[in-house]
Amino acid sequence: MGSRIYYRFSCFQGYCPTSGEIENSEIKRLASRLKAGSYRETLTNILEWQGKNIEFWTERQPILPLLGYIYLIFFAAILVYFAGFFISILLLFWLNVQIIMWFAQTIWWFLMISIAMLASSTLAILATMISILHSNRKVPWKEVPKGLKNVFMPSISIDFLLENRLGVCRDYAKITACLLSNIYPNAEVYFASAPYHVATGINIENRLYMLDQRLPILTIDRWNDYRKPRKLDGIERFDPIEKALQKADKRTFLHTKDKSELNTEKLAKKMSELLNIKEQPDDKTFSLQKPIPIPWKNGAILYEENEMVDYSLARLLETKISSELIRINQITRIEIRRHKNDLTFLIALVRTNNGSVR
């Protein structure tokens, strides 16, 4: 019984899908399209689809924490008032005198302070919320209350998510869990939580791979490093059949060994192999134009040498290269530069002597 209650509470937080959402006909059709012949292709397809089709819902992200602050301030105001009330009662009995007027005035002032604290803080937070909704609005006002209502809801429906293509981390986590549950019904699907963030993972050969909104796929170790050490709130296994979440020991998936030093030359060579890029000789026949930079913020933290990660990173590069209107056969080599935690992939193109791209 406790497990089911816990499941419903997690669903209320927004990232845990219901049975109906997993069985949603649109989700099933989407899962069928994204399914491929291997784990690395399928998981990469899921993240690439999300990155291209779902926009981060900017105004929805800070609204729930702000609502939480209002609740916190409300309870703090109540606490201040009752603390003043009981202190006044104690003083009244301790003095053992008839000071009714003093007692009434004290209670009145505590009440006024509590009301003022609650009103001013609530108004300030509401003004902030209105500013956020106005400046970052993704759903037109004409669709109120349908659109605006979902900004304030901890959980939005899969139908709304698929129709409007808007979501925050818990919405991405929900749709990812739905897709994985349809494509791999017997797989172990997990939710990993960090402060103000949640992502979905899948256990493949005792390695937990995280699908966090966009490419590339990440190992749980690198995901945890990025979210800061010791900040991983917890890992929960999702069981769609039993409608339950089961707490998992973080030590089962996190590796304590030190991360190996990033070899940028080796990574560049791996990307060239996966993208089938053949290096061209730099002689008098060809002249190289200035390389085109493709940045990967925090890439030095997020990258780990791994087949899943390498393949999904190559697909990310392919997408970025395509967005620059560059064909793979126009590339002569890839170089990687590291600046602190960031990586930059330098895409060098081959040009003939007349200046045209070969």
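Of all strands (runs of 3 or more DSSP E) completely enclosed by segment 187-240, which ones contain at least 2 residues that are more than 29 Å from LYS340 (Cβ to Cβ)?
Working: elements: 188-194, 197-204, 207-211, 234-239.
Here the list reads 188-194, 197-204, 234-239.
Any idea how many residues of segment 340-358 are of a type outside the set (Ser, Thr, Tyr), assigned to a strand (DSSP E or B) and modelled with pLDDT of 55 or more?
We begin by selecting, within segment 340-358, every residue of a type outside the set (Ser, Thr, Tyr); these are 340-343, 345-351, 353-355, 357-358.
Narrowing further to those that are assigned to a strand (DSSP E or B): 342-343, 345-351, 357.
Next, from what is left, pick out any that are modelled with pLDDT of 55 or more: 342-343, 345-351.
Residues in segment 340-358 being of a type outside the set (Ser, Thr, Tyr), assigned to a strand (DSSP E or B) and modelled with pLDDT of 55 or more: 9 in total.
Within segment 21-55, track down each residue that is touching a helix residue (DSSP H, G or I) at 6+ places or on another chain (Cβ under 7 Å), at pLDDT 95 or above and of a type in the set (D, E, K, R).
Answer for segment 21-55, where residues must be touching a helix residue (DSSP H, G or I) at 6+ places or on another chain (Cβ under 7 Å), at pLDDT 95 or above and of a type in the set (D, E, K, R): GLU26, LYS28, LYS35, ARG40, GLU48.
Pull up segment 242-279, narrow it to residues that are β-branched (Val, Ile, Thr) and either at pLDDT 85 or above or surrounded by 14 or more Cβ atoms within 10 Å (Cβ to Cβ) (or both), then point me to the one that is farthest from LEU208 (Cα to Cα).
Of the residues in segment 242-279, the ones β-branched (Val, Ile, Thr) are 252, 256, 264, 277.
Okay, now just the ones that are also either at pLDDT 85 or above or surrounded by 14 or more Cβ atoms within 10 Å (Cβ to Cβ) (or both), so 252, 264, 277.
Numbers: THR252: 10, THR264: 24, ILE277: 30 Å.
Only one residue tops the list, namely ILE277.
Somewhere in segment 280-297, is a residue modelled with pLDDT of 95 or more, surrounded by 14 or more Cβ atoms within 10 Å (Cβ to Cβ) and either under 24 Å from ILE202 (Cα atoms) or assigned by TED's automatic domain parsing to the domain that holds ILE202 (or both)?
Yes: one or more hits.
For segment 286-339, how many residues meet the condition of being assigned to a helix (DSSP H, G or I) and farther than 23 Å from MET210 by Cβ?
Here is the first cut: in segment 286-339, the residues assigned to a helix (DSSP H, G or I) are 299-302, 307-323, 328-330.
Narrowing the set further to residues that are farther than 23 Å from MET210 by Cβ leaves 321-323, 328-330.
Looking only at that region, the number is 6.
The values are calculated or read from the model by the stated rules, or taken from the named source; none is laboratory data. Note that the coordinates shown come from a computational prediction; the quantities given were computed from them, not determined experimentally. Here Cβ is always computed from backbone atoms with ideal geometry, including for glycine, and neighbour counts include all displayed protein chains.
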